[in-house]
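Input: a single structure, listed below in structure tokens.
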Amino acid sequence: IKESAVEATKISFKTQYARNGFKRNELMNKRLELIYWRSPSYNLARVLISLGISFILASVFITSRYPSEYTELEMQGRLSIIFLSFIIIGVLSMITVLPTTLSIRDVYYRHNLAGMLEHTSLTLGLGVAEKPFLILMSSLFVIVFYLTLGLALNLRKFFCFWGFFTFNIAIYSYFGQAF
């Protein structure tokens, strides 16, 4: 039938998709944001884990908070805890995002085979849907960690630390989604 198809009766469309790329991305963003909001156990677990780990790691230095001058050993200890916290929270972000992404992946394959969307819509949608939770998680972590660890009470330094930590969590989460 395909080889001897008559050109006049052949069904053809101008584009592969029924909607333009912007509308497909918008609809996928809405869908993924709804999926994230409908999984409170996933989001609550991430927030509670980050709060718990931030306090546990920083509580090592509760007794020596805000000294007038740090010794080399104290500074080395604080930098080691900061480095360790970035890795622990990053790996946990990577691991916890996997089950949610796997369920979303199944929906993506079904829609992709039906010709409804392409992979860029899913990629952008995952990034947009994850962003508010990453900001919330990193904000809570940094507030507890920064103040408990006894780092400098300087607003600019605090926001620099928060930005770097948020970027770190985002990278790990997006790598988890890619896996």
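The values are calculated or read from the model by the stated rules, or taken from the named source; none is laboratory data. In this text, all values refer to a predicted model and were calculated from it rather than measured experimentally. Here the Cβ is made from the backbone with ideal geometry for all residues, glycine too, and neighbour counts use every protein chain on show. We work out accessible area using only protein heavy atoms, side chains counted, and drop any ligands, DNA or RNA first. Shrake-Rupley method; radii C 1.70, N 1.55, O 1.52, S 1.80 Å.
The set of residues from segment 121-140 being more than 13 Å from L32 (Cβ to Cβ) and either open to solvent by less than 60 Å² (accessible area, probe 1.4 Å) or free of Cβ contacts under 8 Å to residues at least 12 places away in the same chain (or both) comprises L134, M137, S138, S139, L140. Quick one: would you say H111 is over 15 Å from the mean Cα position of the chain (by Cα) and open to solvent by 70 Å² or more (accessible area, probe 1.4 Å)? Taking the combined requirement at face value, the residue does not satisfy it.
Residues of segment 94-103 that are buried (at least 16 other Cβ atoms within 10 Å of the Cβ) and modelled with pLDDT of 90 or more: M94 alone. Within the set F55, F83, F61, the sole residue that is in contact with a Lys or Arg (Cβ under 7 Å, 6 or more places away or on another chain) and either more than 21 Å from A170 (Cβ to Cβ) or of a type in the set (A, V, I, L, M, F, W, C) (or both) turns out to be F61. All conditions but one from (1) modelled with pLDDT under 85; (2) open to solvent by less than 90 Å² (accessible area, probe 1.4 Å) apply to I82; the one that does not is (1). Going residue by residue through segment 38-46, is there one that turns out to be modelled with pLDDT under 80, under 30 Å from G150 (Cβ atoms) and not in a loop (DSSP other than H, G, I, E, B)? Within segment 38-46, not a single residue is modelled with pLDDT under 80, under 30 Å from G150 (Cβ atoms) and not in a loop (DSSP other than H, G, I, E, B).
Checking the condition among the acidic types (D, E) and modelled with pLDDT under 80, which residue from E72, E33, E7 passes? Working first, answer last.
Values: E72 fails: modelled with pLDDT under 80; E33 fails: modelled with pLDDT under 80.
Residue meeting the stated conditions: E7.
Only one residue in L79, L98, L57, L84 is over 24 Å from T148 (Cα atoms) and either assigned to a helix (DSSP H, G or I) or of a type outside the set (F, W, Y) (or both), so which one is that? Break it down into steps so the answer makes sense when it comes.
Details: L79 fails: over 24 Å from T148 (Cα atoms); L57 fails: over 24 Å from T148 (Cα atoms); L84 fails: over 24 Å from T148 (Cα atoms).
That would be L98, the only listed residue that is over 24 Å from T148 (Cα atoms) and either assigned to a helix (DSSP H, G or I) or of a type outside the set (F, W, Y) (or both).
Let me confirm something: among G90, G150, G127, which residue is modelled with pLDDT under 85 and small (G, A, S)? Matching residue, one of G90, G150, G127: G150. When you scan segment 153-166, do you find a residue that is in a helix (DSSP H, G or I), of a type outside the set (F, W, Y), in contact with a helix residue (DSSP H, G or I) (Cβ under 6 Å, 6 or more places away or on another chain) and over 28 Å from S103 (Cβ atoms), even just one? No, that holds for no residue.
May I ask you to verify whether T148 is under 21 Å from F55 (Cβ atoms), surrounded by 18 or more Cβ atoms within 10 Å (Cβ to Cβ) and under 13 Å from the mean Cα position of the chain (by Cα)? Taking the combined requirement at face value, the residue does not satisfy it.
Within segment 159-179, the set of residues being aromatic (F, W, Y) and open to solvent by 40 Å² or more (accessible area, probe 1.4 Å) comprises F159, W162, F164, F167, Y172, Y174, F175, F179. Looking only at segment 12-30, residues that are at pLDDT below 70 and either closer than 30 Å to S138 by Cβ or hydrophobic (A, V, I, L, M, F, W, C) (or both) come to 2 in all.
Conditions tested, residue by residue: (1) closer than 28 Å to R24 by Cβ; (2) in contact with a helix residue (DSSP H, G or I) (Cβ under 7 Å, 6 or more places away or on another chain).
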| residue | (1), (2) |
| --- | --- |
| Y42 | yes, yes |
| A45 | no, yes |
| L73 | no, no |
| I81 | no, yes |
| G90 | no, yes |
| S103 | yes, no |
| T123 | yes, no |
| E130 | yes, yes |
| I135 | yes, yes |
